[in-house]
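Undergrad: There's a structure below that I have some questions on.
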Amino acid sequence: MEMLLVDPVSTTCLSPTVHYMVCEAGFEIKANLSISSIVSDKGEIHWRTITERIQYGEPDQTVDYVKSVRSLGPLCESLHSHLQSLTREQFEDQFVIWFQWTNCSEVFLETFDAIKSPHATAIALSLMKLTACLERALGDVFLLIGKDCPFLLRDLLVSQELATVFGQSVMDVLRVFVGSPDGLNLRNILWHGFASPQEIPVKYSSMLLCLTAGLGQLLKTYLQQTQSTLVHRPYVSFSNLKELHVFPDLNHELLSLADELVIKSNIVLRTMLPFWITALSSFRQRRYADCVILLLPQLESGLRLLFTKVNKCPSRLMTAESSSLYTTFDEMLAKQLHNEEANQLPLVLGESAMEFFWDFLNHQEGPRVRDHLSHGESSLNVFPREIANSILAFSITLLCRFSKGDIAAVKERSFLKPLMSCADCYCSQFHPIAQLKKQVRKRY
């Protein structure tokens, strides 16, 4: 299906306000800050230096996010320069003990490697993993005091439970970077496929590394004072892997074809191309969690291109401001738009594609892959190949369906046909009715 969607070269998916906040505000103030006022040579974070830079509005004393990002910009720069000057061994000696409270220290060490990497996708990928692990760990801390942990990071960060453990000013700092649609909102703009690799300033990764270490230091003090022990919730394990392995195994020929299709597809913005390329490389390297973490936001971005075209709402391609709604999977897969008009996207995608999305992302009995990964509920070290194979294979069929130019010859390649056939014939396995049928079959 050929459908010219947007200018593939110049498009950013960050609205002007969000683009300014993420890419410009933190660079406006130039100042040289002494690193010793921010972090000691033993890795101890001086929180007062950081919290003093948070700006509050009048008269209600709520956080002024724009002014706070401006004020924190030079501090982030100093921290970033400091981390870049450290060797991996020096960084581990100073900080690794303070990441242990997250139960995934390796992700934070990986982020340190990324800030020294020339590849922008490494920064974005490590940030997505960092925010997921941080959210999960903060949820564990919440449960030291509270009972029902909020599902959304933004609700978790405004909870009284976390303010009790870490202090309100510390939580205000965190919300400047993640969790508030008025702040940098780094987690959401990456996980929902709005930010391209080049649009995320690397110094914010360095800042989140140091903030996480600082949280570990504050938590240690709280646990000692209250004589408490932090308990980590077990990871969600994916079951029914046979049911989730719904496409033929991807081989060298199919992966090489995918390399070709990402360049030709109408659902891939030029600025997002590095994400697709790295996702394919990750699959080849058997880094299946990385592959899926990179793919899911790009599937969402690609669907958003289709959604805004077929529903004639081009402005919805952009990140929303805090006063309006993001265009995310949940809305795009719904039957109706928020104005109660019929959503045209399901008609374009077809029933089988819709059932695949609902099965893998939404149905409660399904794997709910994005929820489990983005909220840190799934172990990144043992992510199933079966799920990565299915999501990447399905993605290849979408790339093929929505491509520009003459790709008739591509579609006729014999090794692609089984993949396309599986996609065309997919039936829901996790819809409540499908689940009921399974139960009936088991009984009889």
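Undergrad: In whole percent, what relative contact order does the chain give with Cα contacts below 8 Å and a gap of six or more residues? Show your work: numbers first, answer last.
TA: On the way: 593 pairs, mean separation 91.0, N = 444.
Relative contact order here is 20 percent.
Undergrad: Could you tell me the extents of region 394-435's C-alpha atoms along the three principal axes, largest first, rounded to whole Å?
TA: Largest to smallest, the principal-axis extents are 40, 20, 11 Å.
Undergrad: So who's got an amide H within less than 5 Å of the one on Ser403, skipping anything under 5 residues away but keeping other chains? H placed 1.01 Å off N, in plane.
TA: Asn266
Undergrad: Given +1 on the Cβ of Lys and Arg, -1 on the Cβ of Asp and Glu, and no further charges, what dipole in debye does region 250-304 carry about its Cα centre, rounded to the nearest 20?
TA: Numbers: 6 positive and 5 negative charges, 21 e Å.
About 100 debye.
Undergrad: Given that compact globular proteins tend to follow 2.2 N^0.38 Å, what is the ratio of the alpha-carbon Rg of the chain to that value?
TA: 1.01
Undergrad: Note down the net charge around Ile396, summing +1 for each Lys or Arg and -1 for each Asp or Glu among other residues with Cβ under 13 Å from its Cβ. Before the final figure, lay out the partial values.
TA: Numbers: positive: Lys264, Arg401, Lys411, Arg413, Lys417; negative: Asp249, Glu253, Asp259, Glu260.
Net local charge, Ile396 excluded: +1.
Undergrad: Let me ask something else about it. Which semi-axis lengths, in whole Å and largest first, follow from the square roots of five times the eigenvalues of the Cα gyration tensor of region 216-357? Could you put the intermediate results ahead of the total?
TA: Details: eigenvalues 224, 128, 60 Å².
Rounded to whole Å, the semi-axes are 33, 25, 17.
Undergrad: Which three extents, in angstrom, do the Cα atoms of region 89-150 have along their principal axes, listed largest first?
TA: Its Cα atoms span 43, 26, 10 Å along the three principal axes.
Undergrad: How much mean residue ellipticity at 222 nm does the chain get from its helices, if each DSSP H run of length 4 or more adds -39500 (n - 2.57) and you divide by all residues, to the nearest 500 deg cm²/dmol? All intermediate terms of the calculation are to be shown ahead of the outcome.
TA: Numbers: 23 runs with 244 residues, N = 444.
Taken over the chain, the calculation gives -16500 deg cm²/dmol.
Undergrad: By what distance, in whole Å, do the Cα atoms of region 181-229 stretch along each of the three principal axes, largest value first?
TA: Over region 181-229, Cα extents along the principal axes are 44, 19, 18 Å.
Undergrad: Starting from region 1-109, pick out the trypsin sites (Lys or Arg not before Pro) whose DSSP state is loop and whose Cβ has at most 11 other Cβ atoms within 10 Å. If you can, show how the numbers build up before the last one.
TA: Numbers: sites: Lys30, Lys42, Arg48, Arg53, Lys67, Arg70, Arg88; in loops: Lys30, Lys42, Arg53.
Loop-located and lightly packed - Lys30, Lys42.
Undergrad: Another one. Given all pairs of different Cα atoms, what value in angstroms does the Kirkwood hydrodynamic radius of region 43-160 take? Don't skip to the end; give the middle numbers.
TA: Numbers: mean 1/r = 0.0609 Å⁻¹.
The answer is 16.4 Å.
Undergrad: Using the Cα atoms of region 161-247 to build a convex hull, what is its mean projected area in square nanometres? It would help to have the intermediate numbers written out before the result.
TA: Values: hull surface 36.0 nm².
For the Cα atoms of region 161-247, the hull's average projected area reads 9.0 nm².
Undergrad: Mind checking region 333-374 for trypsin sites (Lys or Arg not before Pro) that DSSP puts in a loop (not H, G, I, E or B) and that have at most 16 other Cβ atoms within 10 Å?
TA: Numbers: sites: Lys335, Arg368, Arg370; in loops: Lys335, Arg368.
Counting only loop positions with at most 16 other Cβ atoms within 10 Å, the trypsin sites (Lys or Arg not before Pro) in region 333-374 are Lys335.
Undergrad: Follow-up question, since we're still on this one. For each of Cys400, Cys422, Cys76, count neighbouring Cβ atoms within 10 Å of the residue's Cβ, then give the residues from fewest to most. Show your work: numbers first, answer last.
TA: Working: Cys400 23, Cys422 18, Cys76 26.
The fewest-first ordering by Cβ neighbours comes to Cys422, Cys400, Cys76.
Undergrad: Mind jotting down a quarter of the surface of the convex hull over the alpha carbons of region 288-405, in square nanometres, one decimal?
TA: On the way: hull surface 33.4 nm².
For region 288-405, averaging the hull's shadow over all directions gives 8.4 nm².
Undergrad: For Ile29, Ile50, Ile38, which order do you get if you count the other beta carbons within 10 Å of each Cβ and list the fewest first? Walk me through the numbers on the way to the answer.
TA: Values: Ile29 14, Ile50 24, Ile38 19.
Ranked by crowding around the Cβ, least crowded first: Ile29, Ile38, Ile50.
Undergrad: Please report the net charge: other residues with Cβ closer than 13 Å to the Cβ of Gly179, K and R +1, D and E -1.
TA: Values: positive: Arg154, Arg175, Arg187; negative: Glu135, Asp155, Asp172, Asp182.
Charge balance near Gly179 sits at -1.
Computed from the coordinates by the stated procedures, all read-outs in this text should not be read as laboratory data. What you see is a predicted model, and the numbers here were worked out from it, not measured in a lab. Positions of Cβ are backbone-derived with ideal geometry, glycine not excepted, and every protein chain shown enters the neighbour counts.
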